[in-house]
Structure formats: structure tokens, C-alpha cells
Amino acid sequence: MVSLAGSAVTCVALPVLVYELSGSPFLTALVATFEALPYLLFGLVAGALADRMDRRLVMVAADLGSAAVLGSVPVAAWLGALSVPHVLGAAFLSATFFVFFDAANFGAVPSLVGRERIPAANSAIWSAGTLVEIAVPAAAGAMLAVLSAPNLLLIDAVTFVASALLVRAIARPLSDPRRRETRARGIGTLAGEVREGLHFLWAQPTVRAMTIVGAGQSLAGGAFVGQMVVWAERRLGVVAGDWRLGALFSAWGVGALLATAMMPRLVARAGAARVTLIGLPFSAVLGVSTALAPNWAAGAALLAGWGIAYMLVVVNSITYRQQVTPEPLMSRVNTSGRMLSFGLGYPLGAVLAGAVAELAGPVGGMLAGTAVLVVAAAYAWKSPLRTAASPRLTT
């Protein structure tokens with residue numbers, strides 16, 4: 001939560017900084033692309049290494065690496081040497097460290113709470129994180145009126161150091177000691193371990209289907225995030241330094257908070273497959289409606305509604321994978337799924353929206369991304385999700 005608070009500041013500050021330096025919708029969209037691309041490039045290797053290594057060590061090292069990278073941006077600004085390539089490079093490297101942190105985290109949570117508590121644990125984690133994402137972006141939007149965007153990134157660097165210290169202080173093991181001993185004896189090459197995780201993900205029909213629709217969902221998310229700052233200014237008349245920019249980012253968080261609070265009960269009643277099937281059409285309709293919002297108040301309200309449908313699908317998919325995946329494969333399978341959805345869909349959405357926005361404006365770019373959700377919803381209703389039962393826990 002500490003590190004997420006800093007990252008929520010960066011989520012606002014980075015696109016604002018690139019837009020101030022370049023004035024380009026396409027370069028601004030590249031922030032979202034560079035933040036997601038590392039998952040596509042390194043997700044498989046990160047998952048295999050997190051299953052092989054001490055997850056606590058991976059998480060601490062990743063936090064410290066992110067702190068160093070983001071801290072370089074305000075230093076360059078103070079020296080008068082900051083450039084768009086530097087900012088995009090910082091976004092890419094920080095996101096690369098996050099891939100390794102996230103891979104270890106996927107396996108750490110089930111090790112801490114046990115499989116039967118994964119839905120409740122994920123709900124608690126995502127709810128607490130969403131509370132941070134509601135409050136902090138609004139504060140960050142207001143702080144831009146008195147602090148420069150590079151100086152705001154220093155906050156994130158400090159929170160990553162604090163996160164590393166807190167993860168290091170967790171008393172209980174974050175990996176199964178028996179699994180670490182097996183890997184220490186060198187059973188299986190890294191490439192073979194990667195293939196093992198991919199095979200499990202693709203051989204499970206419902207997991208495969210959720211991963212495919214997750215890619216469509218992430219593509220729409222990348223399109224929106226990549227054009228958020230430009231859309232707010234050109235469509236809604238909300239510029240950097242206006243408190244309403246932070247309110248727009250926070251509105252999404254309100255919807256996400258409601259989604260994470262609802263998710264365990266909905267999954268218990270309807271099953272993971274039905275939650276995805278129902279959530280996707282709502283996500284498509286609300287995504288299109290948000291892009292066409294006539295003013296900032298309507299945009300904020302629609303963003304909150306879209307956040308509910310969007311996050312229900314995302315958190316439900318992650319929880320489902322964690323429930324059905326054996327512990328020795330936990331990091332590999334979940335980072336593979338995240339790579340194919342977030343790592344592939346998110347940067348594609350940002351690039352697609354940025355390219356379309358150069359010709360048709362930010363609304364056109366957002367609509368191009370959300371149109372994919374219609375296809376994803378149609379696929380889901382034709383996929384094994386339609387007849388799937390609730391998952392049985394794997395031992």
C-alpha cells in the first residue's frame with residue numbers, strides 16, 4: 001500500500017510530464033505502452049525465476065531498483081537535462097522491476113493465506129489498494145498546481161524504499177520451503193519451466209478463455225489510460241493543475257473499490273465464469289459511453305461505473321488462476337496469464353489509441369480501444385466459460 005501510494009502519484013505525473021515536454025498525444029500514450037511492455041518481454045522469465053528463487057529477495061530487489069530509476073527523473077530535472085526519452089526509459093525500467101515483484105507476489109499471497117482464502121485476501125488487498133488509488137490521484141492532481149511533475153516522482157522513489165523494508169520484515173515465508181529445495185537441486189531448465197507454465201495455462205480451457213478476454217479488457221484499459229490526460233484537456237476542458245484531473249483518476253478508483261468489495265460474494269453465488277460473462281458486456285457499453293462523455297462530471301460518473309465492470313473481470317480472472325494453479329507453478333502461470341493479457345493488450349491499446357488520436361482526436365483513440373471489448377464479450381459467450389462450473393481447488 002505504501003508503494004502503491006507513490007505509484008498512484010506517478011500514474012498522474014508521468015503522462016503530464018511527457019505531455020508538457022512534447023505536446024504530443026502519441027508520445028503521451030507511449031507512457032502507458034512503456035509501463036506495460038515489460039510484462040510482454042519479461043513476464044515468462046520473471047515467473048520462472050520467482051518460482052525458483054526466494055520470493056522475498058525478488059520483491060525487495062525489485063522495489064529498490066524502482067526507487068533508483070524513478071529517483072533519476074527529478075535529479076535530471078534539477079540538472080536541466082530531462083528529456084522525453086529519459087522519462088519513457090524510467091517508465092519502462094520501473095515497470096520491468098514491477099514485473100519481477102508481481103511475479104513473486106502472485107505466489108506469495110497464496111503461501112501466506114491458503115487457497116480457500118484467496119478470494120477474500122485478493123478482495124482485501126485490492127480494496128485497500130483502491131482506497132489509495134482514490135485518494136492519492138486527487139491529491140496528486142492538486143499538488144501539480146504547486147509542485148512540478150518531476151518532483152512528484154521523488155515521492156514514489158521514497159515509497160519503494162519503504163516497501164522494500166516492509167516486505168523484508170514479513171516474518172512468515174513467502175515460498176514453500178520444499179519447493180525451493182527442489183528447484184535448488186536444478187530439476188528442469190529455465191526454458192523448460194517456462195514451457196511448463198505456458199502448457200498448464202493453455203491446456204485449461206477456462207483459464208485460457210479468461211486470459212484471452214483479459215487481453216481485450218487490457219487493450220481497452222491501455223487505450224483509455226494512454227489518452228486520459230489528452231482526453232481530459234481536449235474533450236472535458238480539464239488541464240494539468242486542475243483538481244478535476246485528479247478527480248477523474250479517482251473516479252475510476254471508486255468503481256474499482258466497489259468491484260473488489262463485491263467480487264468474493266458474486267463469485268461465491270454465481271461462479272467465476274458467470275462473473276466474467278456478465279461483466280464483459282457492461283464493460284464494453286460503459287467504456288464507449290465514457291469516451292463520449294459531454295463534460296467532466298459525466299465523465300467521472302461513467303468512469304466510476306466502468307471501473308466496476310472492468311475490475312470485476314480483472315480481479316476475478318487473477319483469483320481464478322490462483323485457485324486452480326498448483327503451488328510450484330503459481331508464479332509462472334499467473335505471470336504468463338498477466339503477460340498475455342496486460343503485457344500484450346495494454347501496450348497495444350495505448351499504441352492503437354495514440355495512433356488513432358493523432359488523426360481523430362483522443363475520443364477516437366479511446367473508441368478504437370473499447371471496440372475490442374465488444375469482440376471480447378462475443379468470444380466469451382462462445383467460449384468454454386459459458387458452460388463452466390465454479391473451479392475446484394487444486395491441492
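One line per residue, one yes/no per condition, for (1) closer than 28 Å to residue 125 by Cβ; (2) among the hydroxyl-bearing types (Ser, Thr, Tyr); (3) buried (at least 23 other Cβ atoms within 10 Å of the Cβ); (4) modelled with pLDDT of 90 or more:
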{"residue": "216", "(1), (2), (3), (4)": "yes, no, yes, no"}
{"residue": "223", "(1), (2), (3), (4)": "yes, no, yes, no"}
{"residue": "241", "(1), (2), (3), (4)": "no, no, no, no"}
{"residue": "249", "(1), (2), (3), (4)": "yes, no, yes, no"}
{"residue": "273", "(1), (2), (3), (4)": "yes, no, yes, no"}
{"residue": "292", "(1), (2), (3), (4)": "no, no, no, yes"}
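May I ask you to list the residues in region 304-345 that are farther than 20 Å from residue 121 by Cα, aliphatic (A, V, I, L, M) and under 13 Å from the mean Cα position of the chain (by Cα)?
339, 340, 344
Among the listed residues 5, 81, identify the single one that is surrounded by fewer than 24 Cβ atoms within 10 Å (Cβ to Cβ) and not in a helix (DSSP H, G or I).
Unique residue meeting the criteria: 81.
So, residue 26, is that one at pLDDT below 90, of a type outside the set (S, T, N, Q), farther than 25 Å from residue 170 by Cα and touching an Asp or Glu at 6+ places or on another chain (Cβ under 8 Å) or not?
So residue 26 passes the test.
Scan region 273-311 for residues that are in a helix (DSSP H, G or I) and not hydrophobic (A, V, I, L, M, F, W, C) and jot them down.
Scanning region 273-311 gives 274, 276, 279, 281, 283, 287, 289, 290, 299, 305, 307, 310.
On the basis of being crowded, with 18+ Cβ neighbours inside 10 Å and either in contact with a Lys or Arg (Cβ under 6 Å, 6 or more places away or on another chain) or modelled with pLDDT of 80 or more (or both), does residue 165 make the cut?
It is false that residue 165 is crowded, with 18+ Cβ neighbours inside 10 Å and either in contact with a Lys or Arg (Cβ under 6 Å, 6 or more places away or on another chain) or modelled with pLDDT of 80 or more (or both).
Within region 34-62, take every residue that is among the acidic types (Asp, Glu) and either closer than 25 Å to residue 224 by Cβ or buried (at least 24 other Cβ atoms within 10 Å of the Cβ) (or both) and give me the one that is modelled with the highest pLDDT.
Looking at residues that are among the acidic types (Asp, Glu) and either closer than 25 Å to residue 224 by Cβ or buried (at least 24 other Cβ atoms within 10 Å of the Cβ) (or both), I get 51.
Condition check ((1) out of contact with any strand residue (DSSP E or B) (no Cβ under 8 Å at 6 or more places or on another chain); (2) hydroxyl-bearing (Ser, Thr, Tyr); (3) at pLDDT 80 or above; (4) not in a loop (DSSP other than H, G, I, E, B)) across all residues:
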site	(1), (2), (3), (4)
72	yes, yes, yes, yes
92	yes, no, yes, yes
98	yes, no, yes, yes
101	yes, no, yes, yes
126	yes, no, no, yes
132	yes, no, no, yes
136	yes, no, no, yes
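Among the residues of region 18-33, are any in contact with a Ser or Thr (Cβ under 7 Å, 6 or more places away or on another chain), crowded, with 23+ Cβ neighbours inside 10 Å and among the aliphatic types (A, V, I, L, M)?
yes
Would you check if there is a residue in region 98-114 being surrounded by fewer than 24 Cβ atoms within 10 Å (Cβ to Cβ), under 16 Å from the mean Cα position of the chain (by Cα), of a type outside the set (S, T, N, Q) and closer than 15 Å to residue 330 by Cβ?
Yes, region 98-114 has at least one match.
Which one of these does residue 246 not meet: (1) farther than 25 Å from residue 352 by Cα; (2) touching a residue at least 12 places away in the same chain (Cβ under 8 Å)?
For residue 246, the exception is condition (1).
The values are calculated or read from the model by the stated rules, or taken from the named source; none is laboratory data. Owing to the predicted nature of the structure, the values given are computational and were not obtained by experimental measurement. All Cβ positions, glycine included, derive from the backbone under ideal geometry; neighbour counts span all protein chains shown.
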